[in-house]
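So the structure is just underneath, and the comments pick up after that.
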Amino acid sequence: MDVRRLDPIEQVVADLRRELDDLKSTILRRVSLAGGAGQSPLSRVLLTASQSTPSTSFVNVPGMTYALAASELVAFCFHLTHRSANTAEAVGLAINGPAGPTWVSYAIRLYTTTTSSLWARSTAYDTGVQGTSVLTANTSYEALVYGAVQNGANAGTLALRMKSELGASVTLDEGGFGVFYKP
């Protein structure tokens, strides 16, 4: 039998590769167990282009959605920036989803200056927070939306929604993102 002896560096590299392979297998197994067969419990969405609306009624933000199954529980968090061309105008934000949820609970923090913000908490769809002004026109301010939904019998779409206060265009900037977690 030909036994090749590894030099010390080759042995360390071989040991590290084995440890990395073991770690990778452990991580993949845990993700698989947490989210089902081969599925991660996390889903992500990204605003790949800025989204604007002059609508004074809530409208879905394209791409910022999650397909919610009947009886599914999901937690979510959106991190966004918003702006307005008019200092007397600001964005409104809310969440919408399938009819008849068992429960819905979410909170919104909407910055209107670099140091002040509006907070709102809601236990119903389309009842978020409406900004009334921004300090500086065409300046991006942060917004956070987070919460959870225990869906009822109706499958459908969970969606981030936006609106304008007075009918001038408001914008959510490219690069905003959302994360959905299915426990």
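The values are calculated or read from the model by the stated rules, or taken from the named source; none is laboratory data. In this text, all values refer to a predicted model and were calculated from it rather than measured experimentally. So basically every Cβ, Gly included, is an ideal-geometry build from the backbone, and we count neighbours across all protein chains shown.
Structure summary
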| quantity | calculated |
| --- | --- |
| Pick from segment 60-99, criterion modelled with pLDDT under 95 and part of a loop (DSSP other than H, G, I, E, B), ranking: nearest to V145 (Cα to Cα) | A90 |
| Failed criterion for A124 (all others in (1) of a type outside the set (S, T, Y); (2) without any contact (Cβ under 8 Å) to a residue 24 or more places away in the chain; (3) in a strand (DSSP E or B); (4) surrounded by fewer than 16 Cβ atoms within 10 Å (Cβ to Cβ) hold) | (3) |
| Residue within segment 51-58 that is part of a strand (DSSP E or B) and either closer than 13 Å to V145 by Cβ or modelled with pLDDT under 95 (or both) present | no |
| Restricting segment 56-88 to residues that are polar (S, T, N, Q) and under 14 Å from G131 (Cα atoms), the residue that is surrounded by the most Cβ atoms within 10 Å (Cβ to Cβ) | S84 |
| Pick from segment 129-183, criterion acidic (D, E) and outside any strand (DSSP E or B), ranking: surrounded by the fewest Cβ atoms within 10 Å (Cβ to Cβ) | E174 |
| Test: residue in segment 129-141 that is modelled with pLDDT of 95 or more and over 19 Å from V45 (Cβ atoms) | no |
